[in-house]
1. What is the local net charge at residue 629, summed over the other residues whose Cβ is closer than 12 Å to its Cβ (Lys, Arg +1; Asp, Glu -1)?
2. Please list, in order along region 805-819, the HN-Hα scalar couplings obtained from phi with the Karplus expression 6.51 cos²θ - 1.76 cosθ + 1.60 (θ = phi - 60°), rounded to whole Hz, x for Gly and Pro.
3. What full-extension length gain, to one decimal in nm, is calculated for residue 688 and residue 79 as 0.36 nm per residue of separation minus the Cα-Cα distance?
4. If you find the alpha carbon centre of region 618-661 and of region 765-785, how far apart are they in angstrom?
5. Out of all DSSP beta bridges with both ends in region 628-756, state the antiparallel percent to the nearest 5.
6. Over all distinct alpha-carbon pairs, what is the Kirkwood Rh of region 4-92 in angstrom?
7. All other residues with a Cβ under 12 Å from the Cβ of residue 343 taken together, and with Lys, Arg as +1 and Asp, Glu as -1, what is their net charge?
8. Given labels modelled 7 Å from the Cα in the Cβ direction, how far is it in nm from residue 796 to residue 426?
Amino acid sequence: MPSPEETTAAARDFLAAHPEAEAALAALVERDDRGEPWTFADIDLDSGRFGDLVARDLAREVDDGYRLRNPDAVRAAIEAGPADADDASGAASEGADADAIGADDAHTESNYLAVPDVDALTLLGLVGALLAVAAARLVAAPAVFQQGFVVSPANDTYFFRYWQERLVARADGVLDLGLFADMGGAAGTRPLAHATNWWVTVLLGGVDAAPAVAAWLPVVASVCLGYLVYRLARLLTGDVRVALAAVLFYGLAPANVVYTSVGFLDHQAHQYLWLGLLVLTLTALGVDAARRTARTDPRAASRAHARDATMWLVALGLAVAVAASAHAYGGSPLTFVPVAAVVGLRVALDVRRDVSPAAANAPLLGGLALGAGLALAAHLGLGWHESIAAVTPVLVAGGALVVVGLGELWRRVAWPPLGLVAAEAVVAAGGLVTYARLRPGDIERLRARAGDLFFREGISETVSLFSPDFAVVFGPLLQLGLGFYFAVAVLAVATWAVARRYEPGWLVLVCFAWYYTLLATIQVRFAGQLAIMIAPFAGVGLVYLLAAIDIARPVAALGRGDDADSRSRRARSGRARTDESGSGDERAITSLALPEGTRLRGYLAATVALVLLFNLLLVPSLVGQTTHDRAQFDAALTVDSHAEAVGREYPRNFVLSRWGDNRMYNYFVSGEARSYGYARSTHAQFLSSPDPDAWYDRFRGRVGYVVVTERETAPAANATYAALHEGLGLGVNGTAPTGHYQLLASDDGVRTFAVVPGATIQISAPSGEQVTATTMVTAGGATYEYARSATVVNGTATIRVAHPGEYQVGNRTVTVTNTDVFAGNQTTVPSS
């Protein structure tokens, strides 16, 4: 059965061939409205015209005669007038490129799930862009792949590796579905990320594959997201050049690269991928509705959109994205705020365009409802996440249903669309107040989560994207590259276009882009999501720049020709034109074409390289802030080797370090990388204290090793930091030697110590004398004198030492073994 758009096009062609038959065709529409079938004898058409009517599939045979195939679509054709030659040629070209949605010559059948046909140069461009995405994330490879180990960047990655390995060890295979419901603490706030990690690891070989999965899963997810960005940009613009530029701007955005670089097994790779699918499916539904409305009667278009099986497949993808986003990370409720905004504003656009909100949003509502049901089922059935995370998509889906119903009423009574937006705000506020009264516990938990998310201090990612430290305007350059500035200008134009025209596809990206701009203004951690949202805008801006300097064809996206109303008027008046230059109704550019002439090609390459240069320069420096250098990893291996040699197991082999590295050290020493809370609350206080040995009793067996790294703002000279970092615990550089910290290694600003009971040397001497025990200690290729002193009281002095060796005490010597140091044994110096 032909779609309404096809019926409209066929009817216009029929009228163009038989203009005198318009009255007869209008009479048939009226008969169909009355539900009356007709025969050849009943109509004012000769046999030739009647045969053509049937041949064009405008009429169908029924029991009592004939009926029009789609009366509303035929009526739309009569209102639009007959097709002229240009319209006919445009109709003949329909179907050429399913992915060039939004261009006037795109075919009428929705085909979003199909892979578009591409020529060799375009395919090479796409592959190259995706390779650039992967290559940017391999900048950290030298620091990640060290000595046969995968040393993941940052700190939280080891929390995910901790759960990855423990869940894999418990799994009975990829079909162990029961483990999804029994993930223990991993089900708390990021269950889908943990579940995906362990399931992929089991699929690829089990525990032995865990390091490889930790290394490569973020890169693979980023490449997949790169393809989604490509489809998103091409879907909106119909311009493959914009799509490829968008992939590059996303792929080289430093803030996004940092969170998805090789080895960065965290929730971001999962969160970003599902966010990309969420935005793509919402956009696909909006673009299809807009395109149909631009080509046929709004009522027929909305009904066709609601009946299209492909749109329901897109809605299924939306449902998966909603459910996955709800359980991907701890702050998942934030993801659904722009979704609610999209629904509310889209219904207002529908009402303004006289489109039925119920029909135009049926697949969208279905996807939201199914996704909310899946999210809630995972919470109730598997115990995943907190209740607020599972309830949020339910609230959005329920609110969407109410808003669509309200919009349908609004359209029928013909009230102003702006009033509908105000009414929607009242509905949203009322819903939130009601929910707060029904479930006050959820609101309190939401406030606590918001406090954790937005008001934590002392973390670099909690500063604003527009921080005054970078003169406000340079923060985006460092985090997102020049693409941000291209994108801002195009985003403003897109916002204006959405406000004036029926553009529900662009509405999605506009809402998400402004939303994540606001969040990134609060905390730069959201710049990774913002990089995805602004990539298509940046791509449009770059191609516009290239066209402005005459080295590329003009870009058609967001031009006046995209106005749905103007397209409809031009189609009805028969003045639509298409040419290769891009004037008038510009063609979708579905393949790459290099400029003619070596000079223009050189200008093109130089311009693109210059625009991306800042990203290429900024990525390594920003990524380098998260990786662990060779000295730090060597410290972890040193502690691990030492703990094994002396038989220390967790918690006696716990490593106290700066909290930002703490999980890394403990992961490689004991595997216990679940929390850094103790290090965060203790390490700075420990380094600032005047007496490191006094902390031995406070540790109470909780700390076995201490790693001290160089600090930009060091504590006072008499503090523990100076004693351990500057004095190596040996008393060099004018510091006091310690009795409980045995230096294991000193390399490139990293000092590694074992916390030991210390051997005691008991000396008999006249009271009041100062006695000293001295030995030589070799560390880092250098030899240092280690001397500890004590005052004789009641004829006896006790000196605690942290290093084995032959000690000189006056004119006597005594040998202290490593066993003595670790057992806390006492050695008595014989009297002379």
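1. On the way: positive: 630; negative: 634, 661, 710, 747, 748.
So the surrounding residues net to -4.
2. x, 9, 9, 9, 10, x, 9, 10, 10, 8, 9, 10, 8, 5, 4
3. Gain on extension, residue 688 to residue 79, equals 211.0 nm.
4. One Cα centre to the other: 30 Å.
5. In region 628-756, approximately 85 percent of DSSP beta bridges are antiparallel ones.
6. Values: mean 1/r = 0.0775 Å⁻¹.
It is 12.9 Å.
7. Numbers: positive: 346; negative: 350, 424.
Net local charge, residue 343 excluded: -1.
8. 8.8
Any read-out appearing in this document is the output of simple, stated calculations on the displayed coordinates, not a laboratory observation. For clarity, every value in this text was computed on a predicted model and none was experimentally measured. Don't worry about glycine lacking a Cβ; one is built from the backbone with ideal geometry, like all the others, and counts go over all protein chains shown.
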